[in-house]
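Structure first, then comments.
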Amino acid sequence: MLKNQKTKLLIALLTVGVFSHTPQALAFGLGNLGIGGAGGSASASPSTGGNPDEFIKTAMSAENLMNASVTQLVQSLASKKAAADIDATLKTANTTTDAKEKQAKQLEVKKSQDAALNEALNNTDLKDKIQKMDSIQRKALGAAAFNFSLALLQDKSLSDQSKDLIAGMSSNPMNVSKLGDVKNLASSVTNQLSSASKVAGKMPEIFTAVGVKAPSTKDEKPMVIVQTEKE
């Protein structure tokens, strides 16, 4: 990481998806992270139950949280060039008005983030890189890892809820108009779980290195990210 960095406090809530893959087995990544099932009460985030509106709201919130955390993880751990290239593509995607071009740029961002994060987390110099970070950089990384893990817990809960919710909506004429949105979000949640599980096993190493505890339930509050700007 570079020295002489400016910092600013923000919670990065981005609108571009993080990863898009065919669902695969989640046991390895989620198990190593200590999130084998849904946890917690509904005190800090709304309980979707059988309410499609609440499901949509909660799923979008979890997706935003995952997006922001992965973006910061890449910013913290990937090479300067990889992070800059992804950031440039992300900015282009966010300002593009043509629907097809926007979708293509979003997919490019997803693939680039996936590759950069996997490479960074599996690099043999990961621990050394973290040790060389200053306090601001370590705080940003810790918050990103925490929020990543929190989003995984929320996605696991949403995935479990979606099955019964979709089944109930299919037989309820009052909710049929929302069925498409719920199915799309449920699919997105599944894809996020599949993709994130590939790197979830590395989160405990980050938690240990930066002195941050993993979230124990899906209802904990996200950490504020102290995001660094490279000069």
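The values are calculated or read from the model by the stated rules, or taken from the named source; none is laboratory data. The structure presented is a predicted model; accordingly, all values stated were derived computationally and were not measured. Neighbour counts are summed over all protein chains in view; Cβ atoms, including those assigned to glycine, are modelled from backbone coordinates with ideal geometry.
For the range 206-231, taking the residues that are in contact with a strand residue (DSSP E or B) (Cβ under 7 Å, 6 or more places away or on another chain) and crowded, with 19+ Cβ neighbours inside 10 Å, the one that is modelled with the highest pLDDT is identified as Ile225.
Of the candidates Asp134, Asp160, the single residue that is out of contact with any helix residue (DSSP H, G or I) (no Cβ under 6 Å at 6 or more places or on another chain), surrounded by fewer than 20 Cβ atoms within 10 Å (Cβ to Cβ), charged (D, E, K, R) and within 18 Å of Leu73 (Cβ to Cβ) is Asp134. Among the residues making up the range 146-180, a single one is under 16 Å from Pro52 (Cβ atoms), among the basic types (Lys, Arg) and out of contact with any Asp or Glu (no Cβ under 8 Å at 6 or more places or on another chain): Lys163. Given the conditions (1) closer than 30 Å to Leu121 by Cα; (2) assigned to a helix (DSSP H, G or I); (3) of a type outside the set (Val, Ile, Thr), and given that Lys183 satisfies all but one, which numbered condition is not satisfied? Going through the list (1) closer than 30 Å to Leu121 by Cα; (2) assigned to a helix (DSSP H, G or I); (3) of a type outside the set (Val, Ile, Thr), Lys183 breaks only (1). Of all residues in the range 181-205, those satisfying the criterion of being out of contact with any Phe, Trp or Tyr (no Cβ under 9 Å at 6 or more places or on another chain) and either over 21 Å from Phe55 (Cβ atoms) or modelled with pLDDT under 90 (or both) are Lys202, Pro204, Glu205.
Consider Phe148 carefully, then state whether it is buried (at least 20 other Cβ atoms within 10 Å of the Cβ) and of a type in the set (Phe, Trp, Tyr). Answer is yes for this residue.
Select from the range 75-93 the residues that are small (Gly, Ala, Ser) and part of a helix (DSSP H, G or I) and list them in ascending order. Spell out the reasoning first.
Going through the range 75-93, the residues small (Gly, Ala, Ser) turn out to be 76, 78-79, 82-84, 88, 93.
Residues satisfying the conditions are Ser76, Ala82, Ala83, Ala84, Ala88, Ala93.
So is Asn184 within 30 Å of Lys80 (Cα to Cα) and under 19 Å from the mean Cα position of the chain (by Cα) or not? Against the criterion (within 30 Å of Lys80 (Cα to Cα) and under 19 Å from the mean Cα position of the chain (by Cα)), Asn184 does not qualify.
When Ala145 is tested against (1) under 22 Å from Pro204 (Cβ atoms); (2) out of contact with any helix residue (DSSP H, G or I) (no Cβ under 9 Å at 6 or more places or on another chain); (3) in a helix (DSSP H, G or I), just one condition goes unmet, and that condition is (2). Only one of the listed residues (Leu152, Leu165) is in contact (Cβ under 8 Å) with a residue 60 or more places away in the chain, under 15 Å from the mean Cα position of the chain (by Cα) and over 13 Å from Leu77 (Cα atoms). That residue is Leu152.
Selection of the range 120-131 for residues being assigned to a helix (DSSP H, G or I), exposed (fewer than 14 other Cβ atoms within 10 Å of the Cβ) and of a type in the set (D, E, K, R) yields Lys127, Asp128. The requirement of being at pLDDT 90 or above, outside any helix (DSSP H, G or I), exposed (fewer than 15 other Cβ atoms within 10 Å of the Cβ) and not aromatic (Phe, Trp, Tyr) is fulfilled nowhere in the range 101-119; no residue meets it.
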